[in-house]
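To keep things clear, I will list the structure first and then write my remarks on it.
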Amino acid sequence: LHGTEFIDSYVFNKAEYIRFNSTVGRYVGYTEYGVKNAEAWNKGPQLGQEQGELERVCKHNADLH
């Protein structure tokens, strides 16, 4: 999985407001609402769930691509 990156973006009205990036390892907010959510989600169970997605999703599908 070297060089593999998992990104989970949240978009509302065609504008990205928050993103999880496995390389960064946390949520980053891009709007006022997104920044508030990122702070909360980085402290809660959502962070651990997202961190596991690289292994769960990407590892098993990398060979298909």
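The values are calculated or read from the model by the stated rules, or taken from the named source; none is laboratory data. Note that the structure is a prediction, hence the values are computed from the model and not measured. Every residue, glycine among them, receives a Cβ derived from its backbone with ideal geometry; neighbour counts consider all protein chains shown. Please note that ligands, DNA and RNA were not included when accessible areas were found on the heavy atoms of the full protein model with its side chains. Shrake-Rupley method; radii C 1.70, N 1.55, O 1.52, S 1.80 Å.
Each residue of the range 9-19 was assigned a 3J(HN,Hα) from its phi angle through the Karplus curve 6.51 cos²θ - 1.76 cosθ + 1.60 (θ = phi - 60°); the sequence is 9, 10, 10, 9, 6, 6, 10, 6, 10, 7, 8 Hz, with glycine and proline shown as x. Annotation note: chymotrypsin sites (Phe, Trp or Tyr not before Pro) in the chain located in DSSP loop regions with a Cβ neighbour count of at most 16 within 10 Å are Tyr30. Taking other residues whose beta carbon is less than 14 angstrom from the beta carbon of Gly44, and scoring Lys, Arg as +1 and Asp, Glu as -1, yields +1. Dipole orientation for the chain: of the candidates Phe6, Phe20, Cys58, Phe20 has the Cα lying most toward the positive pole (charges on Cβ; Lys, Arg +1; Asp, Glu -1). Summed over qualifying helices (DSSP H, 4 residues or more, each -39500 (n - 2.57)) and divided by its residue number, the chain shows a 222 nm mean residue ellipticity of -9500 deg cm²/dmol.
Taking every protein chain into account, the accessible area of the chain amounts to 74 square angstrom per residue (probe 1.4 Å).
Set the Cα radius of gyration of the chain against 2.2 N^0.38 Å, with N its number of residues, and you get 1.18. On the chain, 51 percent of the accessible area sits on carbon and sulfur atoms, based on a 1.4 Å probe. Applying the criteria of a DSSP loop state and at most 15 other Cβ atoms within 10 Å to the trypsin sites (Lys or Arg not before Pro) of the chain yields Lys14. Model label points for Val11 and Leu54, set 7 angstrom from Cα along the Cα-to-Cβ axis, are 2.4 nm apart. Applying the Karplus relation 6.51 cos²θ - 1.76 cosθ + 1.60 with θ = phi - 60° to the range 33-47 yields 3J(HN,Hα) values of 4, x, 5, 4, 5, 4, 4, 5, 5, 5, 9, x, x, 4, 4 Hz, where x marks Gly and Pro.
For the chain, a simple Cβ point-charge model (Lys and Arg +1, Asp and Glu -1, everything else neutral) yields a dipole of about 140 debye relative to the Cα centre.
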